[in-house]
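Only one structure is covered here, and it is reproduced in the block below.
The values are calculated or read from the model by the stated rules, or taken from the named source; none is laboratory data. Only a predicted model underlies this, so the values are computations on that prediction, with no experimental measurement involved. Cβ placement follows ideal geometry from the backbone for every residue including glycine, while neighbour counts extend to all protein chains displayed.
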Amino acid sequence: MLHATKVTTLERFILDQEREYPEATGELTNLLYDIALAAKIIAAQIRRAGLVQILGDAGAVNVQGESQQKLDIFANETMKHALNRTGRVCAMASEEDEELIPIPGDVEPGRYTVLFDPLDGSSNIDVNAAVGTIFSVYSRISTGGQGTLEDVLQPGHRQVAAGYVIYGSSVMMVYSAGHGVHGFTLEPTIGEFLLSNPQMQMPRTAKYYSVNESNFQRWSKGIQAAVRGFKGEDPERMKAKNSRYIGSLVADFHRNLIKGGIFLYPGDNRNPNGKLRLLYECSPMAYLAEQAGGAATDGVNRILELQPSALHQRVPLVIGCAEDVRFVQESLKTHGNTL
Ligand code: P6P
């Protein structure tokens with residue numbers, strides 16, 4: 001039974017945060033609502049996916065050369081329409097759009113840029129596995145008019161907010177604006193995100209390791225040694241961890257955030273920079289990981305310090321409990337990181 005006095009909506013929580021942290025402005029608050037609205041619309045469409053025959057490839061192919069599911073397109077258009085006429089955004093970037101996304105000419109560009117993967121893990125839709133939306137928010141650098149590449153190609157430590165929505169057994173929005181990580185669960189009967197996981201903290205060590213082991217033969221010796229360590233090759237050094245891999249970054253990250261885990265998408269001798277994109281997958285997840293007491297590297301370097309050079313550039317990712325991220329760094333030092 002819902003009691004208005006007992007629930008904290010996303011709106012009330014953000015307004016309380018705004019009061020507590022004077023540097024937070026109403027604009028960023030409203031931007032997070034805009035994203036929450038898009039999430040509710042996407043969630044509703046995903047729930048209906050099996051019924052309205054929008055499963056299956058839309059025939060188009062995205063900039064990554066991956067076939068676009070109709071829900072990919074829907075989620076992308078929903079995110080763009082929720083943001084582009086608010087006057088809060090000067091430019092956007094999306095996994096589904098090759099170029100920077102401008103703001104309509106009749107709208108005064110705002111002070112933020114938003115980068116997003118509108119439907120990450122979409123290949124899992126047809127098998128009803130969890131998928132997600134990932135978002136990253138920066139303050140613009142350029143001084144007015146349409147946003148430019150300079151406004152989006154920023155290192156992750158300059159993010160003012162980041163988060164994801166996971167469309168799973170329930171729909172959750174997890175975000176940080178620099179003061180901890182907070183999780184909200186969608187209460188569908190009232191269409192509100194309610195605070196369910198305040199101040200989320202990653203456990204100190206990982207219970208799970210999460211990696212696509214079919215790539216094992218193509219990894220560097222250092223990554224191979226680290227994964228053997230996670231499997232308990234040297235129990236004196238590290239007990240064996242459970243293996244869990246959903247193949248959806250948001251779902252794998254969300255489990256690791258709550259239960260404690262380490263996720264790896266390393267480079268290999270076929271794709272030296274791995275598969276995941278720096279700007280709208282690795283940087284926002286790294287921001288959350290650090291805010292929750294975890295860590296994120298490309299194996300060696302802190303993700304949040306990488307200077308992006310292109311919208312869709314890929315980087316290797318090692319993210320999760322800080323102790324285990326350090327273990328991978330040590331393994332690369334000891335065994336080498338050449339592919
Ligand atoms: P693989 C989904 O396509 C995605 O971009 C991430 O969500 C996920 O972590 C990764 O790719 C899975 O890739 O090669 O293991 O199927």
- Message: Condition first: touching a helix residue (DSSP H, G or I) at 6+ places or on another chain (Cβ under 8 Å) and on the phi > 0 side of the Ramachandran plot. Now tell me which residues in region 238-260 satisfy that.
- Response: Gly247
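Return yes or no: is Ser248 surrounded by fewer than 24 Cβ atoms within 10 Å (Cβ to Cβ), under 28 Å from Val171 (Cβ atoms) and either of a type outside the set (Asp, Glu) or not assigned by TED's automatic domain parsing to the domain that holds Leu149 (or both)? Walk me through it before giving the result.
Numbers: surrounded by fewer than 24 Cβ atoms within 10 Å (Cβ to Cβ): yes; under 28 Å from Val171 (Cβ atoms): yes; either of a type outside the set (Asp, Glu) or not assigned by TED's automatic domain parsing to the domain that holds Leu149 (or both): yes.
Spelling it out, Ser248 is indeed surrounded by fewer than 24 Cβ atoms within 10 Å (Cβ to Cβ), under 28 Å from Val171 (Cβ atoms) and either of a type outside the set (Asp, Glu) or not assigned by TED's automatic domain parsing to the domain that holds Leu149 (or both).
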- Message: Could you tell me how many of the residues in region 123-150 are surrounded by 15 or more Cβ atoms within 10 Å (Cβ to Cβ) and of a type in the set (D, E, K, R)?
- Response: 1
- Task: Check region 115-126 and report whether any residue there is more than 15 Å from the ligand (Cβ to nearest atom) and either β-branched (Val, Ile, Thr) or free of Cβ contacts under 8 Å to residues at least 24 places away in the same chain (or both).
- Result: no
- Query: From the list Thr143, Thr205, Thr189, Thr185, which one is at pLDDT below 95, of a type in the set (S, T, N, Q) and within 22 Å of the chain's Cα centre (by Cα)?
  - Reply: Thr205
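Does region 266-290 hold any residues that are surrounded by fewer than 24 Cβ atoms within 10 Å (Cβ to Cβ) and not hydrophobic (A, V, I, L, M, F, W, C), and which are they? Reasoning before the result, please.
Our first condition is that a residue be surrounded by fewer than 24 Cβ atoms within 10 Å (Cβ to Cβ); within region 266-290, this holds for 267-276, 290.
Correct list: Gly267, Asp268, Asn269, Arg270, Asn271, Pro272, Asn273, Gly274, Lys275, Glu290.
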- Query: Scanning for something surrounded by 23 or more Cβ atoms within 10 Å (Cβ to Cβ) and within 16 Å of Ser136 (Cβ to Cβ), does region 297-315 turn up at least one residue?
  - Reply: yes
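If only one of Arg158, Arg228, Arg237 is assigned by TED's automatic domain parsing to the domain that holds Val131, away from the ligand (no atom under 16 Å from the Cβ) and charged (D, E, K, R), which one is it? Spell out the reasoning first.
Numbers: Arg228 fails: assigned by TED's automatic domain parsing to the domain that holds Val131; Arg237 fails: assigned by TED's automatic domain parsing to the domain that holds Val131.
Step by step, each of Arg158, Arg228, Arg237 is checked, and only Arg158 is assigned by TED's automatic domain parsing to the domain that holds Val131, away from the ligand (no atom under 16 Å from the Cβ) and charged (D, E, K, R).
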- Item | Near pairs, Cβ below 6 angstrom, 6+ apart or cross-chain, from region 268-285 (in the same structural domain as Gln307 (by TED's automatic domain parsing)) to any residue that is more than 10 Å from the ligand (Cβ to nearest atom) and part of a helix (DSSP H, G or I) | Asp268/Arg218; Asn269/Arg218; Arg270/Arg218; Leu276/Cys282; Cys282/Ile303; Ser283/Gly156
